[in-house]
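Contents: one structure, followed by commentary.
The values are calculated or read from the model by the stated rules, or taken from the named source; none is laboratory data. Given the structure is predicted, the values throughout are model-derived calculations rather than measurements. As a convention, Cβ positions derive from the backbone with ideal geometry for all residues, glycine included, and neighbour counts pool all protein chains shown. Surface areas here come from the heavy atoms of the whole protein model, side chains and all, with no ligands, DNA or RNA. Shrake-Rupley method; radii C 1.70, N 1.55, O 1.52, S 1.80 Å.
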Amino acid sequence: ELNSDAVEMFCGQIPRSMSEDELRELFETHGRISKLNILRDKHSGEPKSSCFVTYQTRREALKAQHALHNQIVLPGMYHALQMKPADIENRNERKIFIGMISRSCQEEDIKQLFRPFGSIEECTGMR
């Protein structure tokens, strides 16, 4: 049974060659892990370069994130390890990305389209 304080972290930029035991060893140096799940390709079953790690407490998850996020480059990787809470609900994220919008669409058109769903604090078009 998961502790209500447990936090699932998404970890990216992980070498596909790292075993579950090696990953567990890396992440357990920063806290107690209740679950580790390596993401795999649906068709081939090959590991992807990311995993989910569930720490038993929020404190341990934040300690691990502080120690590891953008801090180390694992063997064979070009970019630093990425680590962030997997549960969007727990991250005070207030923005959504909307792609594939016609170039002729103006910011006011987008606001009008999304207004029925709630108040809009900001709308920024990226061209």
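For the reader, a short list of remarks on this structure follows.
- Considering only L23, L62, S50, the residue lying farthest towards the positive end of the dipole of the range 12-65 is L62, judged by Cα position with unit charges set on Cβ.
- Dipole of the chain, positive direction: furthest Cα of V7, S102, C123, with charges on the beta-carbon: S102
- Placed amide H near S49: partners under 5 Å, 5+ positions off or other chain: none
- Peptide packing for 18-26, 5-13 was compared via the average number of neighbouring C-beta atoms within 10 Å per residue; ordered from the highest value, the list is 5-13, 18-26.
- Simple point charges give the picture: +1 on the Cβ of Lys and Arg, -1 on the Cβ of Asp and Glu, and for the chain a dipole about the Cα centre of about 260 debye.
- Gain on full stretching of the segment that runs from R58 to S104 - 0.36 nm per residue minus C-alpha separation: 12.1 nm
- Taking all protein chains as shown and a probe of 1.4 angstrom, T57 keeps an accessible surface of around 30 Å².
- Solvent-accessible area assigned to carbon and sulfur over the chain amounts to 49 percent, based on a 1.4 Å probe.
- Heavy-atom accessible area order for H69, H43, largest first, 1.4 Å probe: H43, H69
- Based on protein heavy atoms only, the range 1-113 ends up with 73 Å² per residue of surface accessible to a 1.4 Å probe.
- Computed over the alpha carbons of the chain, Rg followed by Dmax gives 18.7, 52 Å.
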